[in-house]
């Protein structure tokens, strides 16, 4: 495990670039379900590994992004700036602030607020609780 964790920083840089590229593609084609699915998968993958390799804040941020994308009634209606804030936070947490608890909490709150509002338009859809 220790040997793998020494390679995580490089892997994390690659994953950040992947998220940023997918974000650019989503901005160019906001309703493309394939791009949004790839973005969700990338966030989900990072969420699953970040905590194990010593990046608990990145795990929280990508968990928030994953929750946003998996629970939104319509991914195409998620505000792109909210997705981009998550991705910028991952980059910031990796670069300068591995202990950005306040930033992660802010994103979790923004995600919960969006999902609460989005679900009002779909009263027939029952969503699981928003708590992480």
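Annotations for the structure displayed:
The rows are residues; the columns are (1) over 25 Å from residue 117 (Cα atoms); (2) surrounded by 22 or more Cβ atoms within 10 Å (Cβ to Cβ).
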{"position": "47", "(1), (2)": "no, no"}
{"position": "53", "(1), (2)": "yes, no"}
{"position": "62", "(1), (2)": "no, yes"}
{"position": "68", "(1), (2)": "no, yes"}
{"position": "71", "(1), (2)": "no, no"}
{"position": "76", "(1), (2)": "no, no"}
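- Residue check: residue 94 meets all listed conditions (1) surrounded by 15 or more Cβ atoms within 10 Å (Cβ to Cβ); (2) at pLDDT 95 or above but one, namely (2).
- Evaluation of residue 42 against the conditions (1) surrounded by 21 or more Cβ atoms within 10 Å (Cβ to Cβ); (2) outside any helix (DSSP H, G or I) shows that the sole unmet condition is (2).
- Checking the stated criteria, residue 31 turns out not to satisfy the condition of being in a helix (DSSP H, G or I), touching a helix residue (DSSP H, G or I) at 6+ places or on another chain (Cβ under 7 Å), more than 16 Å from residue 89 (Cβ to Cβ) and touching a residue at least 12 places away in the same chain (Cβ under 8 Å).
- Restricted to the stretch 14-28, and to residues there that are in contact with a helix residue (DSSP H, G or I) (Cβ under 7 Å, 6 or more places away or on another chain) and within 17 Å of residue 89 (Cα to Cα), the residue that is surrounded by the fewest Cβ atoms within 10 Å (Cβ to Cβ) is 20.
- Taken over the stretch 40-62, the criterion of being under 8 Å from the mean Cα position of the chain (by Cα) and farther than 11 Å from residue 90 by Cα is satisfied by 40, 44.
The values are calculated or read from the model by the stated rules, or taken from the named source; none is laboratory data. Being a predicted model, the structure only gives us computed values, none of them experimental. Methodologically, a virtual Cβ is constructed for each residue, glycine included, from the backbone with ideal geometry; neighbour enumeration extends over all protein chains shown.
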